[in-house]
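The values are calculated or read from the model by the stated rules, or taken from the named source; none is laboratory data. Source: prediction; values computed, not measured. All Cβ positions, glycine included, derive from the backbone under ideal geometry; neighbour counts span all protein chains shown. With ligands, DNA and RNA removed, areas are computed over all heavy atoms of the protein, side chains included. Shrake-Rupley method; radii C 1.70, N 1.55, O 1.52, S 1.80 Å.
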Amino acid sequence: MLSSKHKLQYSLVAILMFAMALGNVPPAAAACGIGSPVVGTDKADYGAFDTSTISGSGFDCGEVLSVKVIAPDGSVLSGNGAGSPGSDVVTTDSNGEFTLNYALSGTIPGSPTSLADGTYAGQVGAYTVEVISSDGVVLASSTFTDQSQLGQSVPTSVIVTYNGLEWVWASPCALNGCTSGI
């Protein structure tokens with residue numbers, strides 16, 4: 001029969017081993033896939049030339065996801081600013097989270113006439129963000145708006161100060177007579 005001193009020692013060793021076994025489970029592993037997946041943006045509304053920060057959480061760790069941003073006109077462009085059609089691909093981190101910087105404006109390559117003809121800017125209206133699994137299921141969605149300054153009156157000139165020097169920029173509209181648009 002064990003003495004009470006030995007019983008206490010064995011109990012302490014058992015508790016210590018149990019605590020060590022629990023300590024080997026990384027805390028981030030417990031966070032993956034728990035709860036409902038969600039996606040959102042850093043702001044509710046953006047300007048035509050802004051970059052939206054899209055964040056998601058509640059996904060499985062290391063999961064490859066497609067982030068589809070649908071513009072008000074129904075088009076889907078990658079958020080890399082290169083005008084590439086289609087969605088962006090992200091991989092979640094060890095917490096089941098991701099962050100994507102999505103440019104609302106950029107340059108479409110291969111413009112036949114000029115750089116201006118190959119640029120695009122955000123569209124006024126509501127954008128829809130969908131996070132899609134590798135098997136095509138929409139796991140989370142959200143919206144944001146672009147109530148940009150497109151269509152607002154353009155100043156005829158702007159004074160720019162840099163390193164103590166001032167420059168006056170004359171708007172092309174001052175020469176052409178246009179009254180709105182950027």
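Would you check which residues across the stretch 109-149 are at pLDDT below 60 and either open to solvent by less than 60 Å² (accessible area, probe 1.4 Å) or not hydrophobic (A, V, I, L, M, F, W, C) (or both) and list them?
Within the stretch 109-149, Gly110, Ser111, Pro112, Thr113, Ser114, Asp117, Gln149 qualify.
For the stretch 88-108, how many residues meet the condition of being in a strand (DSSP E or B), open to solvent by less than 30 Å² (accessible area, probe 1.4 Å) and at pLDDT 85 or above?
The number of residues fulfilling the criteria is 6.
Can you name every residue in the stretch 43-59 that is under 17 Å from Leu100 (Cβ atoms) and not hydrophobic (A, V, I, L, M, F, W, C)?
Matches in the stretch 43-59: Lys43, Tyr46, Asp50, Thr51, Ser52, Thr53, Ser55, Gly56, Ser57, Gly58.
Do you know which of the residues in the stretch 117-147 that are of a type in the set (Gly, Ala, Ser) and under 20 Å from Asp50 (Cβ atoms) is farthest from the chain's Cα centre (by Cα)?
Here the answer is Gly118.
Pro85 versus (1) open to solvent by 40 Å² or more (accessible area, probe 1.4 Å); (2) under 12 Å from the mean Cα position of the chain (by Cα): which is the lone unmet condition?
(2)
Find the residue count for the stretch 77-87, including only residues that are more than 14 Å from Ile132 (Cα to Cα) and either of a type outside the set (Ser, Thr, Tyr) or not in a loop (DSSP other than H, G, I, E, B) (or both).
7
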